């Protein structure tokens, strides 16, 4: 694994915009950055795949453990939603995707930093934009990337289990979320699904019919939402979710996996896993570790302690009342940059990676996306 300088394509902005990636520049700086790429050997990609499959299986076992032991309080799941979580798990409501964020230096085993299980983004970048980049810069080059194909397979499987049509919802004013949902909706349509877009704020509740409806008062049978479960359950209509026949993607059981409380619990259940970092519900007395609010996103409200002393803190809007603590995994530095590998699991398949890098150890929402390829 190494970082290699590259010449950006002429008019790269219009090239990625043609794929729907209109948020390629943030605050005047490239977010999509093709002035460099990361190069992996086949062995290194195999190591990432093995880690991803192992972590996914551990996560599924953890969901069963939490349900069996009624540990919902650790995850901030309101009591009135517990049965919805259990029902969606027992009835095997399908999930589409998730992204493991990994620390990896190409030498030791990949280490899980966290799991973006409910609303992972950087999908359009990983699935489509970096593949276009590869084919236009190295036509015979190879890349670990079957994301688009696996998404189509995932929607075909969902279509066989869940009633249509499928609504797709996001906060339309959030350009990244909206375009990510439109990409997902495109893959669903290519899978043969009947779809419709719906702004998350336009979801309505029909009291007489006791069901959710769209802006045209049509029943919502199945809905994909790029909107966190921990927000949804607190919204004004959230109380109706447990009594509604509407099916949700990602399903309610993802409320467990989308919470960072999985980090210490996974370590407790799998203490010998080479892919997990030690993690705790209480701050360790010494050592180097990271403090994370259980529902923080995009690197917000993170505190980094080295030898017990706080060295870094990021700003953010998240509630810090519930936190977990994870052993610090120093990221390997490449040309002054710190990469984190986002490893995608779609329909149960490890199927591709995307890389975000920053000038500091904490990856945030402005961290750059860097494409990758595989060496011969």
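Numerical summary
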item: Criterion (crowded, with 16+ Cβ neighbours inside 10 Å and not in a loop (DSSP other than H, G, I, E, B)) met by exactly one of 193, 184; result: 184
item: Odd one out for residue 222, checked against (1) closer than 26 Å to residue 31 by Cβ; (2) within 21 Å of the chain's Cα centre (by Cα); result: (1)
item: In region 246-260, residue nearest to residue 121 (Cα to Cα) [restricted to those that are part of a loop (DSSP other than H, G, I, E, B) and touching a strand residue (DSSP E or B) at 6+ places or on another chain (Cβ under 6 Å)]; result: 260
item: Test: residue in region 284-292 that is in contact (Cβ under 8 Å) with a residue 40 or more places away in the chain, under 14 Å from the mean Cα position of the chain (by Cα) and part of a strand (DSSP E or B); result: no
item: Filtered residues of region 206-218 (kept if touching a residue at least 24 places away in the same chain (Cβ under 8 Å) and surrounded by 16 or more Cβ atoms within 10 Å (Cβ to Cβ)); result: 211, 212, 214
item: Odd one out for residue 172, checked against (1) in contact (Cβ under 8 Å) with a residue 40 or more places away in the chain; (2) surrounded by fewer than 20 Cβ atoms within 10 Å (Cβ to Cβ); result: (1)
item: Some residue of region 51-63 being in a strand (DSSP E or B), more than 20 Å from residue 136 (Cβ to Cβ) and in the same structural domain as residue 178 (by TED's automatic domain parsing); result: no
item: Filter result for the condition that a residue is out of contact with any helix residue (DSSP H, G or I) (no Cβ under 6 Å at 6 or more places or on another chain), in the same structural domain as residue 47 (by TED's automatic domain parsing), surrounded by fewer than 15 Cβ atoms within 10 Å (Cβ to Cβ) and modelled with pLDDT of 95 or more, over 139, 125, 114, 91; result: 91
item: Where residue 353 falls short, out of the listed (1) more than 18 Å from residue 49 (Cβ to Cβ); (2) buried (at least 23 other Cβ atoms within 10 Å of the Cβ); (3) out of contact with any helix residue (DSSP H, G or I) (no Cβ under 6 Å at 6 or more places or on another chain); result: (1)
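This table checks each residue for (1) touching a helix residue (DSSP H, G or I) at 6+ places or on another chain (Cβ under 8 Å); (2) at pLDDT below 95; (3) under 24 Å from residue 58 (Cα atoms); (4) not assigned by TED's automatic domain parsing to the domain that holds residue 117.
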{"site": "270", "(1), (2), (3), (4)": "yes, no, yes, yes"}
{"site": "273", "(1), (2), (3), (4)": "yes, no, yes, yes"}
{"site": "287", "(1), (2), (3), (4)": "no, yes, no, yes"}
{"site": "297", "(1), (2), (3), (4)": "no, yes, yes, yes"}
{"site": "300", "(1), (2), (3), (4)": "no, yes, no, yes"}
{"site": "305", "(1), (2), (3), (4)": "no, yes, no, yes"}
{"site": "312", "(1), (2), (3), (4)": "no, yes, no, yes"}
{"site": "316", "(1), (2), (3), (4)": "no, yes, no, yes"}
{"site": "320", "(1), (2), (3), (4)": "no, yes, no, yes"}
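The values are calculated or read from the model by the stated rules, or taken from the named source; none is laboratory data. Bear in mind that the values here come from a model prediction, so they are computed numbers and not experimental data. FYI the Cβ positions are ideal-geometry reconstructions off the backbone, even for glycines, and counts take in every protein chain you see.
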